[in-house]
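Please read the structure below before turning to the comments.
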Amino acid sequence: MIKRQLNSVAFYLLVISIVVVAVFPFYYSVITSFKTGTDLFSVDYFPKHFDLRNYRDVLNNDNFLRSILNSVFIASTTVVCALFLAVTASYALARVRFKGRGLLLMTILAVSMFPQIAVLAGLFEMVRFLGIYNSPWAMILSYTIFTLPFTVWVLTTFMRDLPVEIEEAAIVDGATPWVIITQVFLPLLWPALVTTGLLAFIGAWNEFLFALTFTASETMRTVPVAIAMLSGASDHEIPWGTIMAASVVVTVPLIILVLIFQRKIVAGLTAGGVKG
Amino acid sequence: MDTSLSLSKPNTKLKSVSSLRQQKLRAAMWFLAPMVTVLFCVAGWPLLRSIYFSFTDTSLTDLYGGQWVGFKNYLTWTTLSSGRTIFSGTLADPTWWNAVWNTIKFSVVSVSIETILGLMVALVLNQEFKGRGLVRAAILIPWAIPTIVSAKMWGWMLNDQFGIINHMLMALGLIDSNVAWTSNIDTAMFSVLVVDVWKTTPFMALLCLAGLQMIPRDIYEAAKIDGIHPVRVFFHVTLPLVRPALMVAVIFRMLDALRVFDLIYILTPNSKATKTMSVVSRENLIEFDKFAYGSAQSTLLFAIIAIFVCLYIWLGKLNLNGDTQR
């Protein structure tokens, strides 16, 4: 009996330590974001200060607000484009048997795992050629390289799981493939679309390499680049309070979204991973 | 794997069925065409161009003025009159080999630790206990935080003078003076590993958990009735059954780790101990105006990853195609 209780105490200690390790860095940056001046240099484990000045600084910084707008625009446009292209493509991949389907699926999976640096030179040339360097379109174009394969892959696994009977009934009624997708499958796929879209959105929101390479002016930066560049001129004047406030501002919406869609995200991640 | 061979109903020769199939096939081609075209434009063509650039002397300022130079960016040698041979090019460049070594060290160590920790967390989450949903929500937080933000957060926590990590370790008596975790050459790699493990273990745990949940519960009950020790059950039942899911999770993480860029660029800028292939390659491409040289390095990284994937699939007899796994 005592052994069993000891076991369950140990188990809960393990659970608590997992939660603490997972949450603490974020908790600590929230605490830090409320500190200014010399308060920053004292280590506190619990909130002691509550100074909103860092947040006021961040939200009055036009360039930072601009970068949030850039990120929202870039990530949503990328996701909408990717979903639009992926829905029809994944119908073909999931529901139509044709030669080379397996190969095509493997290629798509391979592209989603590309080292992005391997296409950087070629993409740089293309971005320059199209005259979209230092504009949001450079990111929208380049982010397609990971959002499109990902959405195609996940939607294909989702679509494969839809019952065949529905499709057969539609075919008997004389529905064309286009009608089947838009009228029959799309209403059933909404949850999958939301999940995939959200995961792709997070991916595009967090991307750094392309955003760093394809932007030059401060007003064109995305959020990750803006945060990376918030540092001061030398090591000694890094504005930690402001950086933490900015980090909290851009992370809280993501965390809320993730917590709301928790179950769906786990389903989407595992569909992209384990099943395929 | 090839599903076109497993076409059912081989004897149906009804005209309407075959014309329906024709119609479906034609529609499929039209549905796939835009996606394939876009993918070729953003992935295939730039990759080919990058590889092409690596055989030229193109510079960042004059993208179209490059001349074909063969393997010069990779490896060339000149024999001096004294008989000494001097090698140059990426393959003779110590900074490149340092980056290769850093990347391999980073990938192998981080993915191994993440696999073990991820499996542990997954085993915990596979138990039924009060507040399980809460724990699962909590471990999603590191995953949701942008890499740049987590690099900055940890950069602050690992700060040499005011960081909480030094404060904690001092209080525990584990260190007697502040450590400059991110800038010290001996600890820089360690810091990067800590942050990466923190950030990506949740992903690993969720994939492992999905694998664990596919194992039927009655196997465990049978083992329990037979009085088999839980550790034996883990190694003889759980591990073999979760292996396919684990293999896929490992390769996903490994490919991600081999191309790591943002975490290292932000957390330990310009540290020789952590610069990976991606970081060095981008440096040459964009910052040092050695565009073609950087292209050669990025092409090498691509080749290394491609070889790794082939080996992994071949050795592990891994089937990535969803058709047969279900």
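In the range B:85-123, the residue that is nearest to B:W198 (Cα to Cα) out of those that are charged (D, E, K, R) and in the same structural domain as B:I304 (by TED's automatic domain parsing) is B:E114. Assessment of the range A:8-23 against the conditions (open to solvent by less than 40 Å² (accessible area, probe 1.4 Å) and touching a residue at least 12 places away in the same chain (Cβ under 8 Å)) yields no matching residue. Has the range B:162-170 got at least one residue that is more than 13 Å from A:P25 (Cβ to Cβ) and either open to solvent by less than 20 Å² (accessible area, probe 1.4 Å) or away from chain A (no Cβ under 12 Å) (or both)? Within the range B:162-170, one or more residues are more than 13 Å from A:P25 (Cβ to Cβ) and either open to solvent by less than 20 Å² (accessible area, probe 1.4 Å) or away from chain A (no Cβ under 12 Å) (or both). A single entry from A:L193, A:L155 fulfils the requirement of being in the same structural domain as A:S67 (by TED's automatic domain parsing), modelled with pLDDT under 90 and either open to solvent by 10 Å² or more (accessible area, probe 1.4 Å) or of a type in the set (G, A, S) (or both): A:L193. The condition (being part of a helix (DSSP H, G or I), open to solvent by less than 50 Å² (accessible area, probe 1.4 Å) and within 9 Å of chain B (Cβ to nearest Cβ)) is satisfied by just one residue among A:T251, A:T242: A:T251.
Taking the range A:82-101, which residues are outside any loop (DSSP other than H, G, I, E, B) and surrounded by fewer than 16 Cβ atoms within 10 Å (Cβ to Cβ)? Across the range A:82-101, the qualifying residue is only A:F84. Would you mind stating whether A:F114 is within 8 Å of chain B (Cβ to nearest Cβ), of a type outside the set (V, I, T) and not in a helix (DSSP H, G or I)? Yes, satisfied.
This table checks each residue for (1) open to solvent by 10 Å² or more (accessible area, probe 1.4 Å); (2) over 24 Å from the mean Cα position of the chain (by Cα); (3) not assigned by TED's automatic domain parsing to the domain that holds A:T78.
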residue: A:L123; (1), (2), (3): no, no, no
residue: A:L130; (1), (2), (3): yes, yes, no
residue: A:Y133; (1), (2), (3): yes, no, no
residue: A:A138; (1), (2), (3): no, no, no
residue: A:S142; (1), (2), (3): no, no, no
residue: A:T147; (1), (2), (3): no, no, no
residue: A:T151; (1), (2), (3): no, no, no
residue: A:V164; (1), (2), (3): yes, yes, no
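The residues listed here are A:T107, A:T88; of these, the one that is in contact (Cβ under 8 Å) with a residue 60 or more places away in the chain and β-branched (V, I, T) is A:T88. Taking the range B:84-93 as the range and being open to solvent by 50 Å² or more (accessible area, probe 1.4 Å) and either of a type outside the set (F, W, Y) or in a loop (DSSP other than H, G, I, E, B) (or both) as the test, the residues that pass are B:R84, B:T85, B:I86, B:S88, B:L91. Can you spot a residue in the range B:22-35 that is more than 7 Å from every other protein chain (Cβ to nearest Cβ), under 30 Å from the mean Cα position of the chain (by Cα) and at pLDDT 75 or above? Within the range B:22-35, one or more residues are more than 7 Å from every other protein chain (Cβ to nearest Cβ), under 30 Å from the mean Cα position of the chain (by Cα) and at pLDDT 75 or above. Summed over the range B:127-157, the residues that are in contact (Cβ under 8 Å) with a residue 40 or more places away in the chain, more than 21 Å from A:A226 (Cα to Cα) and more than 8 Å from every other protein chain (Cβ to nearest Cβ) give a count of 0. Tell me, yes or no, whether the range A:206-220 has at least one residue that is facing chain B (nearest Cβ under 10 Å), assigned to a loop (DSSP other than H, G, I, E, B) and surrounded by fewer than 21 Cβ atoms within 10 Å (Cβ to Cβ). There is no residue in the range A:206-220 that is facing chain B (nearest Cβ under 10 Å), assigned to a loop (DSSP other than H, G, I, E, B) and surrounded by fewer than 21 Cβ atoms within 10 Å (Cβ to Cβ).
Number of residues in the range A:53-81 that are within 24 Å of B:L158 (Cα to Cα) and either in contact with a Leu (Cβ under 9 Å, 6 or more places away or on another chain) or in a loop (DSSP other than H, G, I, E, B) (or both): the value is 1.
Inside the range B:139-161, residues that are of a type outside the set (V, I, T), open to solvent by 10 Å² or more (accessible area, probe 1.4 Å) and in a helix (DSSP H, G or I) make up a count of 4. Criterion applied to B:V108, B:V124 was being facing chain A (nearest Cβ under 9 Å), β-branched (V, I, T) and surrounded by fewer than 22 Cβ atoms within 10 Å (Cβ to Cβ), and the one residue passing it is B:V124.
Per-residue answers, yes or no, for (1) more than 9 Å from chain B (Cβ to nearest Cβ); (2) assigned to a loop (DSSP other than H, G, I, E, B):
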{"site": "A:V119", "(1), (2)": "no, no"}
{"site": "A:R128", "(1), (2)": "no, no"}
{"site": "A:I132", "(1), (2)": "yes, yes"}
{"site": "A:I140", "(1), (2)": "yes, no"}
{"site": "A:L155", "(1), (2)": "yes, no"}
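Yes/no per residue for (1) open to solvent by 50 Å² or more (accessible area, probe 1.4 Å); (2) within 13 Å of another protein chain (Cβ to nearest Cβ); (3) not hydroxyl-bearing (S, T, Y):
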site: B:V233; (1), (2), (3): no, no, yes
site: B:T238; (1), (2), (3): no, no, no
site: B:F252; (1), (2), (3): no, yes, yes
site: B:L255; (1), (2), (3): no, yes, yes
site: B:R259; (1), (2), (3): no, yes, yes
site: B:N270; (1), (2), (3): yes, yes, yes
site: B:S278; (1), (2), (3): no, yes, no
site: B:D289; (1), (2), (3): yes, yes, yes
site: B:Q297; (1), (2), (3): no, yes, yes
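The values are calculated or read from the model by the stated rules, or taken from the named source; none is laboratory data. Just so it is clear, the structure is predicted and the values come from calculations on it, not from any experiment. So basically every Cβ, Gly included, is an ideal-geometry build from the backbone, and we count neighbours across all protein chains shown. Quick note on the areas: whole protein, heavy atoms, side chains included, nothing else; ligands and nucleic acids left out. Shrake-Rupley method; radii C 1.70, N 1.55, O 1.52, S 1.80 Å.
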